[in-house]
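Worksheet: one structure, shown below.
The values are calculated or read from the model by the stated rules, or taken from the named source; none is laboratory data. None of these values were measured; they are calculated from a predicted model. Cβ placement follows ideal geometry from the backbone for every residue including glycine, while neighbour counts extend to all protein chains displayed. For accessibility, only protein heavy atoms count, side chains too; no ligands or nucleic acids. Shrake-Rupley method; radii C 1.70, N 1.55, O 1.52, S 1.80 Å.
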Amino acid sequence: MDENRQDWEEGQLEETLRALEKDREKDQKRKKERNVLREIISLLIYAAIVFGCTFLIITFVGQRTKVSGNSMYDTLEDGDNLILEKLSYRFHDPERFDVIVFRFAHSKNTFYIKRIIGLPGETVQIIGSDIYINGEILEEDYGLEPIQYANRAAEPITLGEDEYFVLGDNRNDSSDSRDPAVGNVHRSQIVGKAWLRIWPFNKIGFIDHK
């Protein structure tokens, strides 16, 4: 009788231990699941923060862009990678000699990079190889060769209150404000200012705007 009772008690103890072990395993499993869930939530929060910061930077501060063509040679060359700065133009207007990126008026997916020559309200004209602003020759250090064609700028062009006249530094190999297809650049077309060249590595540096 005592032996049977002892066997029963031992069986109960074993069942209790097995139950406790199962509960412990379930508890560990739940903890692992909670840890995995916390890691997933943390990862999603991190991804959301990174995405948000990236969106804010691209939208309001700056973005990467690549030069295509040689219209800005020798300031910029085909294949140069630049950081475009967009924040400062939220606080002040573009200035003369700024190198800007702007949307082509006839294609929202086409962007040009040129240098601002004429400002809103000014009259621009090209006579021979000289650029005149309000009847006075513009003193500048850009442009490798004498200008060979003035196109629409052969006659005086008076800019509107939100218009800019732009030229490529490579004056004889540039489609710019002299070309009727490009024309005057409206303030709303300007995306930002070329700020920093990051490629090629041997030419890393800030873009000269003066």
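When the strands (runs of 3 or more DSSP E) confined to segment 85-179 are screened for residues that are closer than 26 Å to Phe206 by Cα and of a type outside the set (D, E, K, R), those reaching at least 2 such residues are found at 99-103, 111-118, 163-167. Selection within segment 131-159: residues that are among the charged types (D, E, K, R) and in contact (Cβ under 8 Å) with a residue 12 or more places away in the chain. The member of this set that is least open to solvent (accessible area, probe 1.4 Å) is Glu140.
Checking Lys108, Lys86, Lys114 one by one, the residue that is without any contact (Cβ under 8 Å) to a residue 24 or more places away in the chain, closer than 22 Å to Arg187 by Cβ and of a type outside the set (Ser, Thr, Tyr) is Lys108 and no other.
Candidates in segment 160-192 are the residues that are surrounded by fewer than 19 Cβ atoms within 10 Å (Cβ to Cβ), without any contact (Cβ under 8 Å) to a residue 60 or more places away in the chain and over 14 Å from Asp130 (Cα atoms); of these, the one that is nearest to the chain's Cα centre (by Cα) is Ser188.
So in segment 193-210, with the set limited to residues that are open to solvent by less than 80 Å² (accessible area, probe 1.4 Å) and among the charged types (D, E, K, R), which one is farthest from Ile131 (Cα to Cα)? Per the stated criteria, the residue is Lys203. Among what's in segment 43-68 and is of a type outside the set (A, V, I, L, M, F, W, C), more than 14 Å from the chain's Cα centre (by Cα) and modelled with pLDDT under 75, pick the residue that is farthest from Lys203 (Cα to Cα). Out of the qualifying residues, it is Tyr46.
In summary, Gly79 fulfils each of the numbered conditions (1) under 18 Å from Val67 (Cβ atoms); (2) surrounded by 13 or more Cβ atoms within 10 Å (Cβ to Cβ); (3) of a type outside the set (A, V, I, L, M, F, W, C); (4) modelled with pLDDT under 90 with the single exception of condition (2).
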